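The values are calculated or read from the model by the stated rules, or taken from the named source; none is laboratory data. Not measured: the values here are computed from a predicted model. Neighbour counts run over all protein chains shown; Cβ positions are idealised from the backbone, glycine included. In case anyone asks, the SASA skips ligands and DNA or RNA and just uses the protein heavy atoms, side chains included. Shrake-Rupley method; radii C 1.70, N 1.55, O 1.52, S 1.80 Å.
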Amino acid sequence: MSRKKENKRMFSKRFEKAAFKTAVKENVKTLYRKTIDEATPQQLFQAVSYAVKDVIIDDWIETQKRYDETDAKTVYYMSMEFLMGRALGNNLINMTAYKDVKEALEEMNIDLNVIEDEEPDAALGNGGLGRLAACFLDSLATLNYPAYGCGIRYRYGMFKQKIENGYQVEVPDNWLKEGNPFEIRREEYAKEVRFGGNIRFEKDPVTGKDKFIQENYESVMAVPYDMPVVGYGNHVVNTLRVWDAKPITDFKLDEFDRGNYHKAVEQENLAKLIVDVLYPNDNHYSGKELRLKQQYFFISASLQALIAKYKKKHGDIRKLYEKVVIQMNDTHPTVAVPELMRLLIDVEGLSWDEAWEVTSKTCAYTNHTIMAEALEKWPIDLFSKLLPRIYQIVQEIDRRFVIQVRETYPGNEEKVRKMAILMDGQVRMANMAIIAGFSVNGVAKLHTEILEKQELKDFYQMMPEKFNNKTNGITQRRFLAHGNPLLADWITSKIGDGWITDLSQISKLKPLVEDEEARREFMEIKYQNKVRLAKYIKEHNGIDVDPRSIFDIQVKRLHEYKRQLLNILHIMYLYNQIKEHPEMSFYPRTFIFGAKAAAGYLRAKETIKLINSVADVVNNDRSINGKLKVVFIEDYRVSNAEILFAAADVSEQISTASKEASGTGNMKFMLNGAPTLGTMDGANVEIVQEVGEENAFIFGLSSQEVINYENNGGYNPVDIYFNDWEIKRVVDQLMDGTYSNGDHNMYINLYNSLLNTQCTDRADTYFILKDFRSYADAQKRVEEAYRDQQKWSKMAMLNTACSGKFTSDRTIEEYVRDIWHLEKVEVPSGQDLFD
Ligand code: 73E
């Protein structure tokens, strides 16, 4: 028997039913003084989770012991966001115990699905960037690589979205209210983090070395909470370490005096504030001091902890890079560069050159976006006040780099202007990451090309060896095995379960595309998943949708570049056509949206209102016989995403070409058998490459065309508006009261963004009117293709069968091969708990 198989067998054995049931009963008793029958669903969720955690703990201990024994190199994935979603179901899947536990609970009259719904999503992220970090952790554990995720334990994660009268209302996400059964507080690893004050310089009288002493600072204690990250069927349990903050000294009444009182209160407030809430902006930089505090807080704590851990086993800190690699998830954690320099120089006593060698061999940087408004540029004033010693170090890194640039490009001050870290009163974090890191990667081929040829051209020319691409991926464990159990079982019945840890095997489905019976089964599963979603919609929206209609889904953050506005304008256009030509043949369609808008993002919020208003009008118009339905899913998040991907016929990936660095939702739809309706942007390009252009619906300007227009001052949408009456009609409908009960101002910001008379930026920055016809044509092709169910089923199945490349397992293996250079560590099974 192979090692994997044996592991799996042992593991199932460990979920010996009777013992598990006893554990759940005991937990209900000791936690709540109740019997199973008396317990609430939430209490049952807690009791079941603690029983599961008990089993995880043994593997967790064993894994960490093995890492220690083998002294394996470890990756520290530094990220302001980890969008983990729910843990219970995913842990059971990865422990290969989901079905056993489901059965055991059924025998106790407990429905596992109901229990799972009691768990709040761990929504410590905004969107793709945070979810990518979560998928990476899953893959790292599954592939036996030593890894830590390092982040912040926000008290409030991504806000909950309510829709009231068609408008988004943000509600605080108190996700820890009932307690998190999977986390463990590790008080003993707490670290102090200091802010502000001033730096006093002195020479050490003994060593003669420079000493930098921070005075008059404020500080907090960072306390880590560890969450287990369970690998699939391999007994590996890695750690996601998120930091909480507490005041340094607990407030002591007997030490009361005015000065101390204030200090104590201040420290308490600072601690509360730092970890209070996730900034809910996706692809957008808000230069707030508190955000920089958050960044420095978790980076300083994580680096102190990893250095302490390294030093327990190793004498020479100058070899840190042999055992540790730090991946910086976008610029948000890049203060790691000067902080590592500080710890090495000021605390460990290294020289500048020694510290620089260690830092530049340890740190690597991933770029996730070229959106200008997402670039982190801290005002020097703010930066140097909050982090005075760090700023000195940044100045020195910058000074040395500028000398290098001048040596490389004598007399070319333009190069200095573009590449220096400090310029125009700002600290440019991306520049610092590129200069200090040994690797710079983009997240899809096209994105990396744009970085090399446009955005980061000067850096690429000066240091091409640092640049590389790592096309994103997603974990099939969550987004197929857990999210779509019907399809997962069907695939396993056809090709075995190897796809769960080796998604390239999913290509074995390709021959089945020619098998009519297989196609029928595949489509029947899609139908069942559509029924499941229709039920969800009925429960949450009160809307009846027909599972036989085309389910066309766009779920992602709301952003102008993602062009939800193009989608809804096209729906308005279809509605006009149906009204005008009731006799026209029209395949019934259900358009489904899910999206959160950043709280202060006006146009994004107007778009949500527009979608909901169009939904109201269209869904209640009996004259169109239900041919068109529009649904806005409230509070789109990881847990309901799993249901949406499984039920999609069409995957809307319609960003303005060049703007979406990669996208990862596109991959989740593909895996679940939904063809892409999209632009040649981000990873869509690679999806089309894998599945063939004939199995996708591609439209719109190319990224090069977009870039050319941009370099020439944009284009003029007014020409299109006046020359295409159907486009003019839908744009005018934003203003004529059709979707606003006669209010002519409700969508004025959207209207202006398209035709712009009032705005400061260019008109139709995202080429919505320019791409409109091409999009409408592509939608027409979707309809025609769907009418031919034989053809459609082939297309849908081929999308699943060709999705092998897009597993995050592949992405992680590439990071390991090209950047991290880790080795796999095998872990024997821990103690059998229930035997
Ligand atoms: O294209 C996505 C990409 O798939 C990109 O927009 C997203 O990252 C995903 C994973 O690589 C992203 N998010 C952010 N930048 N890029 C971002 C920026 C600032 C704050 C929060 C998120």
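Distances longer than 22 Å among the Cα atoms of the range 696-835: what percent of all pairs is that?
On the way: 6383 of 9730 pairs.
Counting pairs separated by more than 22 Å, the tail of P(r) holds 66 percent.
Work out, step by step, the length gained on full extension between residue 164 and residue 111: first 0.36 nm times the residue separation, then minus their alpha carbon distance; give nm to one decimal. Don't skip to the answer; put the middle values down first.
Values: separation 53, 0.36 × 53 = 19.08 nm, distance 3.17 nm.
15.9 nm is the gain from fully extending residue 164 to residue 111.
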Query - Whole-number D in µm²/s for the range 116-164 (Stokes-Einstein; Kirkwood sum over Cα pairs; 37 °C, 0.692 mPa s) - result: 256
Query raised in the report: Can you list residues whose amide H is under 5 Å from residue 764's amide H, if they're 5+ apart or on another chain and H is modeled 1.01 Å from N?
Result: 754, 755, 756
Requested in this report: Determine ³J(HN,Hα), in whole Hz, for all residues of the range 277-287 in sequence, where each value follows from phi through the Karplus function 6.51 cos²θ - 1.76 cosθ + 1.60 and θ = phi - 60°; x replaces Gly and Pro.
Outcome: 8, 6, 5, x, 9, 9, 6, 8, 9, 10, x
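Over the chain, what per residue volume does the convex hull of the Cα atoms give, in whole Å³?
Values: hull volume 152.9 nm³, N = 835.
Output value, Cα hull per residue: 183 Å³.
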Report task. Along each of the three principal axes of the Cα atoms of the range 627-762, give the extent in whole Å, ordering the values from largest to smallest. Result -> 42, 39, 27
Query raised in the report: Once amide H atoms are placed 1.01 Å from N in the peptide plane, what residues at a sequence separation of 5 or more from residue 96, or on another chain, have their amide H within under 5 Å of its amide H?
Result: 233
Query raised in the report: With all protein chains present and a 1.4 Å probe, how do 211, 191 order by accessible area, largest first?
Result: 211, 191
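To the nearest 20 debye, what charge dipole does the range 361-404 have about its Cα centre, counting +1 at the Cβ of each Lys and Arg and -1 at the Cβ of each Asp and Glu? List each step's numbers first, then the result.
On the way: 6 positive and 5 negative charges, 48 e Å.
So the dipole magnitude of the range 361-404 works out to roughly 220 debye.
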Requested in this report: Using only the Cα atoms of the range 271-375, construct the convex hull and provide its projected area averaged over every direction, in square nanometres to one decimal.
Outcome: 7.5
Report task. May I ask you to give the percent of accessible area on the chain that is carbon plus sulfur, with a probe radius of 1.4 Å? Result -> 49
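Under the rule a/c < 1.5 gives rounded, and otherwise a/b versus b/c splits prolate from oblate, where does the range 690-772 land using the Cα gyration tensor? It would help to have the intermediate numbers written out before the result.
Values: a/c = 2.44, a/b = 1.50, b/c = 1.63.
It is oblate, given that a/c is not under 1.5 and a/b is not larger than b/c.
Within the set 415/453; 73/99; 418/805; 73/445, which residue pairs have Cα atoms separated by over 25 Å?
Working: 415/453 15 Å; 73/99 35 Å; 418/805 36 Å; 73/445 28 Å.
Pairs exceeding 25 Å: 73/99; 418/805; 73/445.
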Query raised in the report: residue 209: which lysines have alpha carbons under 24 Å from its alpha carbon, excluding same-chain residues fewer than 8 sequence positions away?
Result: 311, 319
Query - Label-to-label distance, nm, for residues given as residue 777 and residue 824 (7 Å Cα→Cβ offset) - result: 4.8
Query raised in the report: So which lysines pass the test for residue 728, namely a Cα distance under 21 Å, with those fewer than 8 places away in the same chain ruled out?
Result: 579, 609, 770, 780
Query raised in the report: Nearest 0.05, what FRET efficiency do residue 417 and residue 357 give at R0 = 30 Å with Cβ-Cβ as r?
Result: 0.60
Query raised in the report: So for the range 354-478, what are the equivalent ellipsoid semi-axes in whole Å, largest first, each being the square root of 5 times an eigenvalue of the Cα gyration tensor?
Result: 25, 18, 15
Query raised in the report: Can you give the % of DSSP beta bridges in the chain that are antiparallel, to the nearest 5?
Result: 45
**Report entry** Rounded if a/c under 1.5, otherwise prolate or oblate - the range 50-121, Cα gyration tensor axes
**Finding:** oblate
Query raised in the report: For the range 15-143, what is the largest minus smallest coordinate of the Cα atoms on each principal axis, given in angstrom and ordered from greatest to least?
Result: 47, 37, 25
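Using +1 on the beta carbon of Lys and Arg, -1 on that of Asp and Glu, and nothing else charged, what's the dipole of the range 248-389 about the Cα centre, debye to 20? Write out the running numbers ahead of the final one.
On the way: 19 positive and 21 negative charges, 73 e Å.
So the dipole magnitude of the range 248-389 works out to roughly 340 debye.
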Query raised in the report: Which length gain, in nm to one decimal place, applies between residue 65 and residue 211 when the Cα-Cα distance is subtracted from 0.36 nm times their residue separation?
Result: 48.8 nm
Query - Debye equation applied to the C-alpha atoms of the range 103-256, log10 I(q)/I(0) at 0.17, 0.19 Å⁻¹ - result: -1.19, -1.28
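Could you tell me the calculated FRET efficiency between residue 424 and residue 544, based on Cβ-Cβ distance and R0 = 41 angstrom, to the nearest 0.05? Don't skip to the answer; put the middle values down first.
Numbers: r = 57 Å, r/R0 = 1.39.
Rounded to the nearest 0.05, the efficiency is 0.10.
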**Report entry** Dipole of the range 694-830 [Lys/Arg +1, Asp/Glu -1 at C-beta], most positive-end residue of 723, 707, 796
**Finding:** 796
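Kindly report the accessible area of the chain per residue (heavy atoms of protein chains, probe 1.4 Å, no ligands, DNA or RNA), in Å².
On the way: 32160 Å² over 835 residues.
Accessible area per residue: 39 Å².
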Query raised in the report: Net charge near residue 458, counting Lys/Arg +1 and Asp/Glu -1 over other residues with Cβ under 12 Å of its Cβ?
Result: +2
Query raised in the report: When we measure straight from the Cα of residue 246, which aspartates and glutamates land under 15 angstrom away, once same-chain ones fewer than 8 places off are left out?
Result: 187, 188, 192, 218, 266, 268, 276
Report task. List the longest stretch of the chain that has no exposed loop site; here a site is one of the GluC sites (Glu not before Pro) assigned by DSSP to anything other than H, G, I, E or B, with at most 10 other Cβ within 10 Å. Result -> 39-582
Report task. Quote the charge dipole size of the chain about the Cα centre in Debye, to the nearest 20; the model charges only the Cβ of Lys and Arg (+1) and of Asp and Glu (-1). Result -> 720
Query raised in the report: Which Rg and Dmax, in Å, describe the Cα atoms of the range 472-552?
Result: 14.6, 41
Query - For residue 683, distant residues with modelled amide H under 5 Å away - result: 662, 663
Query - residue 462/residue 33 FRET efficiency (R0 45 Å; Cβ-Cβ; nearest 0.05) - result: 0.10
**Report entry** Residue (of 362, 372, 383) at the positive-pole extreme of the range 333-400, dipole from beta-carbon charges
**Finding:** 372
